[in-house]
Amino acid sequence: MFGVFFGGVAVAFLLREVLGYPLVSEVVYWAAVLGFFAVLFGSSVTLFDERDRALEERASRWTLTILAPVLAITASVGRLLPRVSDYALPDAVWPALYGFIGVYVLFAVVYGVLRYRS
């Protein structure tokens, strides 16, 4: 399943960056995405068991736990740095920080909905 996806992405990258075929690259990329979902939803074999789900939960928890202080510190430094020095964060950093905030908001909403339903 992941082999289809990552293989397609690698071929698409090669087509776009090395050979200069952006349209063909996009077609290959979307074929890989559709192949991924075809295997995920079309296979009669159980692809994930409880160990995989536990690992996924631990990885999600660690990712969110690590990114939270990074987000808080970066936002704080970004706001204070221009006031106390001649330096400032590049303007491109702020949309990325808002993207991180969006991930946390989405997680909270999904968590709340799942908690409410169970």
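Here, each number is a calculation from the coordinates, and none is a lab measurement. Note that the coordinates shown come from a computational prediction; the quantities given were computed from them, not determined experimentally. When we count neighbours, we look across all protein chains shown, and the Cβ atoms used for this are built from the backbone with ideal geometry, even at glycine.
A compact table of results
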{"item": "Average Cα contact separation per residue, the chain, under 8 Å, 6 or more apart, as relative contact order %", "result": "17"}
{"item": "Contour minus Cα-Cα distance for L106 and S118 (0.36 nm per residue)", "result": "2.5 nm"}
{"item": "Counted charge near V110, where neighbours are those whose Cβ lies closer than 15 Å (Asp, Glu -1; Lys, Arg +1)", "result": "+1"}
{"item": "Inverse mean reciprocal Cα-Cα distance (Kirkwood Rh) of region 31-101, Å", "result": "15.8"}
{"item": "Degrees, to the nearest 10: 22-42 long Cα axis against longest axis of the chain", "result": "70"}
{"item": "Distant-in-sequence amide H partners of Y21 (H built 1.01 Å from N, under 5 Å)", "result": "R16"}
{"item": "Convex hull volume per residue in cubic angstrom - Cα atoms of region 2-42", "result": "35"}
{"item": "Estimated 222 nm signal from helices in the chain, with DSSP H stretches of n ≥ 4 weighted -39500 (n - 2.57), rounded to 500", "result": "-27500 deg cm²/dmol"}
